[in-house]
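The values are calculated or read from the model by the stated rules, or taken from the named source; none is laboratory data. Treat the numbers as computed from the prediction; the structure is a model and nothing was measured. Neighbour counts run over all protein chains shown; Cβ positions are idealised from the backbone, glycine included. Surface accessibility is based on the protein's heavy atoms, side chains included, excluding ligands, DNA and RNA. Shrake-Rupley method; radii C 1.70, N 1.55, O 1.52, S 1.80 Å.
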Amino acid sequence: MTETVVQVKDLTKRIGQKTLVENITFNIHKGEILGFLGPNGAGKTTTMRMMLGLTSITKGEVIIGGHNIKTEKEHALEHVGGIVENPEMYKFLSGLDNLKHFQRMYKDVPDSRIDEVVEVVKLQDAIKNKVKTYSLGMRQRLGIAQALLHAPDVLILDEPTNGLDPSGIRELRDNLRELAEREGIAIFISSHLLSEIEMICDRVIIIQKGKLTDSQEVRETNTEKMMVAWETDNAQAVLQLLKENFSSAEAQLEKDRVVVGVRKEAIPDINARLVREGIKVYSIEPIRKSLEERFLELTGGNQTK
Amino acid sequence: MRGIHLLQNEISKIYKRKTFWIMLGILVAVTLLWAIIAMKTGSDHQNWQQSLQAQSQAEQSEIAKSDGDPEQVMDLKQQNAITKYRLEHSIKPLYSNTVMGFVDSSAGIASIISIFIVILGGSIVSQEYSWGTMKLLLIRPLHRWKILLSKFVSVIIIGIFYLLITFILSFIIGLIFFGKDFGATRFLYEHHNMVHDVSVFWHFLQLYASNLVDLIVITAFAFMLSTLFKSNALAIALSIAIYFGGSLILGIISAFNQQIPKYLFFFNMDLYGQYTNAGASPVDTTVGFSACVLAVYFILFLLIAFLVFEKRDVAE
């Protein structure tokens, strides 16, 4: 059973007649990286602002670590770290002074924790320099460091890849992956670019015009179904075999490959069976195409800007 | 405990920037300049008793021949009472080229400090918005009002620091420039047809306390505007305009209504000066009344700032 860190229920934001976010419901589980995908102006930032208590909630609830952000904001915020939009810091202070500044805003963050987070984001060499000398990538990492200070259960990152060059993006991606694995922290990350989200996330939810339109697994886990393509010398035989022996697997023919929806743990079993039947298996390939297709369909192919 | 930490944060964000040090530099420079002016223009007062006697006679003959404005006569009588008291008790006036006289006259530098503190107070909230750091402050597990309060209090602490520096500096510079002549140690003022004779240090204390009260009220005003409009330019300009142009506004309003001005906060500033300087005291208000008006406005300004800040959506 996966532990739920954040529950968002029927979240709605209205300003006057305009509905920015409408009845959004989703959960964030412990240790997962959840992508929040949608075109610009779809309501991603507004949703994240409501989750962080920066903006009032018109309707619905956000519960973080068991505390409602509306009624127990101060408790709920103990469990979250965040970057909203650009990672702005005090430029006239050093990176270290920035971290000390935010450390003082928590009850008990020991000094040793500062060293820890600096190490996590690999800023040891520059931490005593003024932030105005930092590159965008370094500022982004300092932003993550300040969000990690109080060892939160969940990180909320709004478009953290904005303005980063490809190597910066790769660095950030590795950093976040490592965090999720090492600290068991859940990460909720928004982007308007599928390619960025796809590489980092376990799961993606898609928002459009303020509504959630889809939820999709990206990274395979042992219990969830995934799409796998088998390239063999006899597709028809494979189809037949699957129908008879693995009835839960939905198989279909796609060109000369057989695409099967299965759980990860079933893959070796199916493969062993095929081999035993004398079918030559050339390749087994997981397919993630469907997400991109769906996203393009939803956003009308307009995913850059 | 965290309250102290928040103050530490806010104060460090002030003194780690150049503005703070430039302001301090200006204060030192102005005090020095003040001393040079006092030295150049200060008259010789070896025979102060003789000149006071002449002054007393001049005042009396002025009173005798004046038949017009009763207010003017009152002023002259009050002045004369002090002059006479000085001669009787041999109390020298506070000449600005003596140590004590210089300290007294440099208290006027407080109006420069007020400008500085209005600038700090009028930007301490809005600058967090323009830096984009406000959201980083507000996603901490703290009530918003604590963050706002720490900002206001830290500005006032800087104000007190500047006032203290000016006082100490004027004393030191006074000693260096006019060390031979310490000056009077008594301060005289007229109130309710009585000459009051107090220690000059008690006078300084009240003078600076009164300056501090003005500073706190005008800063609260700038702070409120800065929180309301997220614009430091507007907050600073409006506060300084009221601080210096207050009398002009009062003049315009009193042309229409005599009663309204005394309920305006800037009419009631300068608590000490208004009620101790001969002739300056307003007709039908008291120190207590003025203090109450100031307190009400102060609470109102902060209340508005806090209510707006508490409810505001942070989206920029």
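Residue-wise test of (1) more than 14 Å from chain B (Cβ to nearest Cβ); (2) within 22 Å of B:K13 (Cβ to Cβ).
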residue	(1), (2)
A:Y106	no, yes
A:K130	no, yes
A:L149	no, yes
A:D153	no, no
A:I156	no, no
A:S167	yes, no
A:R173	yes, no
A:L176	yes, no
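You will find that of A:G168, A:G143, the residue that is surrounded by fewer than 19 Cβ atoms within 10 Å (Cβ to Cβ) and closer than 22 Å to B:T133 by Cβ is A:G168 and no other. Pairs linking a residue in the stretch A:11-39 that is aromatic (F, W, Y) to a residue that is outside any strand (DSSP E or B), with Cβ atoms under 7 Å and 6 or more positions apart or on different chains, are A:F36/A:K44.
The single condition from (1) out of contact with any Ser or Thr (no Cβ under 8 Å at 6 or more places or on another chain); (2) at pLDDT below 85; (3) of a type in the set (F, W, Y) that B:F301 fails is (2). Hey, does the stretch B:125-139 have a residue that's more than 14 Å from chain A (Cβ to nearest Cβ) and surrounded by 22 or more Cβ atoms within 10 Å (Cβ to Cβ)? Yes, the conditions are met somewhere in the stretch B:125-139.
Matching residues to (1) surrounded by fewer than 21 Cβ atoms within 10 Å (Cβ to Cβ); (2) of a type in the set (S, T, Y); (3) more than 18 Å from the chain's Cα centre (by Cα):
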residue	(1), (2), (3)
A:D125	yes, no, yes
A:A180	yes, no, no
A:G184	yes, no, no
A:E196	no, no, no
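Among the residues of the stretch B:7-27, the ones that are in contact with a Lys or Arg (Cβ under 8 Å, 6 or more places away or on another chain) and more than 7 Å from chain A (Cβ to nearest Cβ) come to 1 in all. Scanning the stretch A:194-234 for residues that are of a type in the set (G, A, S), in contact with a strand residue (DSSP E or B) (Cβ under 8 Å, 6 or more places away or on another chain) and at pLDDT below 85 gives a single hit, A:S215. Within the option set B:E71, B:E59, being open to solvent by less than 60 Å² (accessible area, probe 1.4 Å) and either in contact (Cβ under 8 Å) with a residue 12 or more places away in the chain or not hydroxyl-bearing (S, T, Y) (or both) holds for one residue only, B:E59. The single condition among (1) open to solvent by 40 Å² or more (accessible area, probe 1.4 Å); (2) under 23 Å from the mean Cα position of the chain (by Cα); (3) under 24 Å from B:I113 (Cα atoms) that B:I176 does not satisfy is (2).
Inside the stretch B:133-152, residues that are closer than 16 Å to B:S123 by Cβ and in a helix (DSSP H, G or I) make up a count of 7.
The single condition among (1) hydroxyl-bearing (S, T, Y); (2) touching a helix residue (DSSP H, G or I) at 6+ places or on another chain (Cβ under 7 Å); (3) part of a helix (DSSP H, G or I) that B:Y189 does not satisfy is (3).
Scanning the stretch A:50-71 for residues that are open to solvent by less than 20 Å² (accessible area, probe 1.4 Å) and at the interface with chain B (Cβ under 9 Å from one of its Cβ atoms) returns A:L52, A:G53, A:L54, A:T55. Scanning for something in contact (Cβ under 8 Å) with a residue 60 or more places away in the chain, open to solvent by 10 Å² or more (accessible area, probe 1.4 Å) and under 25 Å from A:L148 (Cα atoms), does the stretch B:109-117 turn up at least one residue? No, there is no match, as no residue in the stretch B:109-117 is in contact (Cβ under 8 Å) with a residue 60 or more places away in the chain, open to solvent by 10 Å² or more (accessible area, probe 1.4 Å) and under 25 Å from A:L148 (Cα atoms). Could you tell me whether the stretch B:19-27 includes any residue that is open to solvent by 40 Å² or more (accessible area, probe 1.4 Å) and not in a helix (DSSP H, G or I)? No - not one qualifying residue is present in the stretch B:19-27.
Every residue, every condition in (1) away from chain A (no Cβ under 14 Å); (2) farther than 30 Å from A:N86 by Cα; (3) out of contact with any Pro (no Cβ under 6 Å at 6 or more places or on another chain), yes or no:
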position	(1), (2), (3)
B:Y208	yes, yes, yes
B:G251	yes, yes, yes
B:N257	yes, yes, yes
B:I260	yes, yes, yes
B:F267	yes, yes, no
B:Q274	yes, yes, yes
B:L294	yes, yes, yes
B:I299	yes, yes, yes
B:F306	yes, no, yes
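Where strands (runs of 3 or more DSSP E) sit wholly within the stretch A:125-233, those with at least 2 residues that are charged (D, E, K, R) occupy A:211-217, A:225-232. Would you say B:D75 is in contact with a Leu (Cβ under 6 Å, 6 or more places away or on another chain) and assigned to a helix (DSSP H, G or I)? Taking the combined requirement at face value, the residue does not satisfy it. When the test is whether a residue is modelled with pLDDT of 95 or more and either among the polar types (S, T, N, Q) or in the same structural domain as A:V80 (by TED's automatic domain parsing) (or both), A:D108 does not pass it. Taking the stretch A:132-147 as the range and being within 13 Å of A:L172 (Cβ to Cβ) and more than 14 Å from chain B (Cβ to nearest Cβ) as the test, the residues that pass are A:S135, A:G137, A:M138, A:R141. Can you say whether B:I147 is within 14 Å of chain A (Cβ to nearest Cβ), touching a residue at least 24 places away in the same chain (Cβ under 8 Å), buried (at least 16 other Cβ atoms within 10 Å of the Cβ) and not polar (S, T, N, Q), as far as the supplied structure shows? When the stated conditions are applied, B:I147 passes them. Considering the stretch A:81-101, the residues that are outside any loop (DSSP other than H, G, I, E, B) and at the interface with chain B (Cβ under 7 Å from one of its Cβ atoms) include one that is nearest to A:R49 (Cα to Cα), namely A:G82.
Taken as a whole, the condition of being open to solvent by 40 Å² or more (accessible area, probe 1.4 Å) and modelled with pLDDT of 90 or more applies to B:I160. Looking for something at positive phi and at pLDDT below 95 - is there at least one such residue anywhere in the stretch A:43-50? Yes, the stretch A:43-50 contains a residue that is at positive phi and at pLDDT below 95.
Of B:A220, B:A233, which residue is small (G, A, S) and either crowded, with 21+ Cβ neighbours inside 10 Å or in contact with a helix residue (DSSP H, G or I) (Cβ under 8 Å, 6 or more places away or on another chain) (or both)? Selected residue: B:A220, the only one of B:A220, B:A233 that is small (G, A, S) and either crowded, with 21+ Cβ neighbours inside 10 Å or in contact with a helix residue (DSSP H, G or I) (Cβ under 8 Å, 6 or more places away or on another chain) (or both). In the set A:E85, A:E74, A:E119, A:E78, only one residue is open to solvent by 50 Å² or more (accessible area, probe 1.4 Å) and under 19 Å from B:D313 (Cα atoms); that residue is A:E85. Determine whether B:K311 is over 17 Å from B:I115 (Cβ atoms), among the charged types (D, E, K, R) and open to solvent by 70 Å² or more (accessible area, probe 1.4 Å). So B:K311 fits the description; yes. Is it the case, given these coordinates, that B:F187 is over 21 Å from B:A222 (Cβ atoms), open to solvent by 20 Å² or more (accessible area, probe 1.4 Å) and in contact (Cβ under 8 Å) with a residue 12 or more places away in the chain? For B:F187, the condition - over 21 Å from B:A222 (Cβ atoms), open to solvent by 20 Å² or more (accessible area, probe 1.4 Å) and in contact (Cβ under 8 Å) with a residue 12 or more places away in the chain - is met.
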